[in-house]
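Enquirer: Have a look at this one before I ask anything.
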Amino acid sequence: MNTTSVVPVMDKLIIYQIFTRLFGNTNTTNRPHGEKSENGSGTFADINDAALRSIRQFGASHVWYTGVLEHATQTDYAAYGIQPHDPAVVKGRAGSPYSVSDYYDVDPDLAVEVPNRMAEFDALIERTHAHGLRVIIDFVPNHVARQYQSDAKPAGVVDLGEQDDTTVSFAPDNNFYYLPGQTFVAPAGNTNGPARLHEYPAKVTGSGSITATPDSNDWYETVKLNYGINVFDGSRHFDPIPATWQQMLDILLFWSDKGVDGFRCDMAQLVPVEFWRWAIGRVKQRYPRLIFIAEIYEPHLYRPFIFDGGFDYLYDKVGLYDALRALMEGHGSCYDLTRVWQQQSGDYAQHMLRFLETHDEQRIASRFFANTPWAAVPAMTLAATMHTGPFLLYFGQEVGVRAEGSEGFSGDDGRTTIFDYWGIPEWQGWLNAQPGEQGRYDGGGLSDEQRQLRAFYQQLNHLVNGSDAIQNGYFYDLQWANDNGQSIGYDAHQLYSYLRYTDRQKLLIVCNFSAHTTYETTVQLPGHAFATLGLDPMRTYRFTDIFLSDTQVEAVGREGVALSVPPRSVRVLEIKA
């Protein structure tokens with residue numbers, strides 16, 4: 001099989017992910033383990049009209065505001081009625097945004113005026129919509145902060161754990177799992193000292209570790225929520241509906257009512273698919289256009305989570321990301337790309353969300369990954385154009401953020417910290433803020449190379465937004481017609497070629513993943529491809545690059561298309577008679 005047969009669905013979203021605490025921070029102090037008062041924090045207000053205008057002009061359709069929900073932190077907001085957290089169960093000074101401490105509130109770090117924090121977030125939603133962008137936020141359903149307590153829940157809402165029977169390890173209507181007779185002990189290796197909190201009985205840790213003494217590499221700062229699966233014996237108790245199901249549905253509806261357009265669901269695979277089917281169906285009865293994205297890493301769960309659970313999109317990490325990363329690092333093969341699309345062809349390819357960077361992944365430009373942002377040119381082009389489904393860009397990717405050095409809790413690992421207060425030097429060049437002012441978001445502080453890199457990403461977004469073939473078209477793999485010496489100079493380990501086509505537009509796309517080799521080759525389009533495109537292989541066609549080069553080739557169809565493809569480059573050739 002070399003072509004997709006599923007009828008495409010027009011859903012080519014371009015999601016721009018913002019780590020909200022870092023995005024607008026103009027502070028350059030950057031003291032490791034620094035407090036907010038030293039290193040600063042971006043706010044909702046920093047995502048101003050200039051920022052949103054630039055994101056819209058960049059070509060994005062959605063903004064994923066990461067780290068919005070209130071989470072455990074070492075910064076003291078007790079004066080505002082927010083419960084302090086024991087530093088022993090907080091990772092980093094700022095804390096993990098996935099250690100949610102109140103599902104009904106927003107992170108006070110992100111507010112100009114802490115008492116007005118929710119109104120400031122509401123204003124950001126309104127501002128984002130005014131610029132023609134849709135809003136995605138995180139929903140973190142599997143686990144909560146070890147000291148979870150909602151200070152902002154609406155009247156009548158029962159807090160998590162409030163009605164639990166803590167004398168038993170499991171009950172279907174408990175929100176948490178307990179270890180009766182055992183007291184929680186924070187890991188000895190954590191840098192913030194021994195825990196002062198008294199958790200008795202101890203709860204099961206967010207990762208599912210059934211221990212009162214999780215180690216320092218575990219999710220020790222979180223506790224796992226109970227959706228009716230007994231983690232001690234594996235039995236399932238979904239009838240009657242468990243209490244946690246209804247409480248989490250209420251939370252989803254609370255944010256949907258505020259105008260949020262979608263949820264990126266953290267570690268969705270750790271929550272039973274039966275809950276997702278029940279909850280997503282009910283949310284979509286009220287908000288049919290709202291989207292759900294699953295963070296998921298188990299390919300055998302892809303189909304159940306889409307067709308049973310009701311998710312619109314799933315992370316394509318174990319698949320295209322892994323294959324592209326290997327190629328970008330110089331040890332992969334384009335044969336892996338054929339394998340990935342064949343496994344994902346049929347009825348769910350358009351449900352996969354493609355990306356090369358997120359807050360969890362290493363930066364492309366870091367020494368831990370490709371060591372150059374330019375390795376992304378063929379990989380990101382392919383990720384964006386191979387299918388009709390959405391793709392994601394992480395803020396700073398477009399200016400080559402390297403994430404060098406240790407920020408504090410985050411080590412020197414090539415990732416931009418999610419745990420620490422920090423300013424990102426390369427990104428601040430795009431912010432271009434004067435002292436005491438908000439960012440201009442015009443790139444006034446970028447180098448020429450950074451401007452060129454950002455121009456590539458913007459051109460890619462505009463290519464996708466303006467192409468009927470990429471938005472709506474079918475896919476046809478050309479590797480089988482060019483490998484094994486069929487086309488002189490064609491290295492099928494480093495070159496990948498394919499067609500995207502509709503009745504209105506036909507594209508030949510060729511990607512060169514080699515860091516050093518220019519390929520002089522003739523790409524063959526077999527007779528079957530011409531028949532599929534509805535074209536005559538005996539006619540002469542003009543192949544014009546509509547993306548990054550001024551390449552234009554005239555060729556008789558059956559004779560192939562003679563091309564010179566430089567290292568780490570692409571050709572997106574429109575086919576016209």
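Enquirer: Hey, among Pro172, Pro141, which residue is surrounded by 18 or more Cβ atoms within 10 Å (Cβ to Cβ), within 28 Å of the chain's Cα centre (by Cα) and either touching a residue at least 24 places away in the same chain (Cβ under 8 Å) or not in a strand (DSSP E or B) (or both)?
Expert: Pro141
Enquirer: Is it the case that some residue within the stretch 511-529 is out of contact with any helix residue (DSSP H, G or I) (no Cβ under 9 Å at 6 or more places or on another chain) and either buried (at least 23 other Cβ atoms within 10 Å of the Cβ) or farther than 27 Å from Leu324 by Cβ (or both)?
Expert: Looking for residues that are out of contact with any helix residue (DSSP H, G or I) (no Cβ under 9 Å at 6 or more places or on another chain) and either buried (at least 23 other Cβ atoms within 10 Å of the Cβ) or farther than 27 Å from Leu324 by Cβ (or both), one finds none in the stretch 511-529, hence no.
Enquirer: Next question. Test of understanding: among Arg542, Arg500, which residue is of a type in the set (D, E, K, R), over 32 Å from the mean Cα position of the chain (by Cα) and either open to solvent by less than 10 Å² (accessible area, probe 1.4 Å) or more than 26 Å from Phe58 (Cα to Cα) (or both)?
Expert: Arg542
Enquirer: Further question: List the residue pairs whose Cβ atoms are under 9 Å apart, where the first residue sits in the stretch 83-96 and is under 14 Å from Asp107 (Cα atoms) and in a loop (DSSP other than H, G, I, E, B), the second is open to solvent by less than 20 Å² (accessible area, probe 1.4 Å) and among the aromatic types (Phe, Trp, Tyr), and the two are 6 or more positions apart or on different chains.
Expert: Matching pairs, first to second residue: Gln83/Tyr77; Pro84/Tyr77; Arg93/Tyr421; Ala94/Tyr421.
Enquirer: Show the residue pairs meeting these rules: Cβ distance below 6 Å; 6+ apart or different chains; first residue within the stretch 103-115 and over 17 Å from Arg93 (Cβ atoms); second residue assigned to a loop (DSSP other than H, G, I, E, B).
Expert: Listed pairs, sorted by first residue: Tyr104/Ser150; Tyr104/Ala152; Tyr104/Lys153; Asp105/Ala152; Val106/Val68; Val112/Thr43; Val112/Ala45.
Enquirer: Is it the case that the stretch 115-133 has a residue that's over 25 Å from Phe292 (Cβ atoms) and in contact with a helix residue (DSSP H, G or I) (Cβ under 7 Å, 6 or more places away or on another chain)?
Expert: So far as the stretch 115-133 goes, yes, one or more of its residues are over 25 Å from Phe292 (Cβ atoms) and in contact with a helix residue (DSSP H, G or I) (Cβ under 7 Å, 6 or more places away or on another chain).
Enquirer: So, in the stretch 202-248, of the ones that are small (Gly, Ala, Ser), farther than 17 Å from Glu162 by Cβ and open to solvent by less than 40 Å² (accessible area, probe 1.4 Å), which residue ends up nearest to the chain's Cα centre (by Cα)?
Expert: Looking at the filtered set, the residue picked out is Gly206.
Enquirer: So, one more: Can you say whether Arg117 is open to solvent by 10 Å² or more (accessible area, probe 1.4 Å), touching a Pro at 6+ places or on another chain (Cβ under 8 Å), basic (Lys, Arg) and on the phi < 0 side of the Ramachandran plot, as far as the supplied structure shows?
Expert: So Arg117 passes the test.
Enquirer: Restricting the search to the stretch 561-577, which residues are within 14 Å of Thr521 (Cα to Cα), open to solvent by less than 30 Å² (accessible area, probe 1.4 Å) and out of contact with any helix residue (DSSP H, G or I) (no Cβ under 9 Å at 6 or more places or on another chain)?
Expert: Val561, Leu563, Val565, Arg571, listed by residue number.
The values are calculated or read from the model by the stated rules, or taken from the named source; none is laboratory data. None of the values given here were measured: they were computed from a predicted structure. Using ideal geometry, Cβ is built from the backbone for each residue, glycine included, and neighbour counts are taken over all protein chains shown. Just the protein is used for accessible areas: all its heavy atoms, side chains included, with ligands, DNA and RNA removed. Shrake-Rupley method; radii C 1.70, N 1.55, O 1.52, S 1.80 Å.
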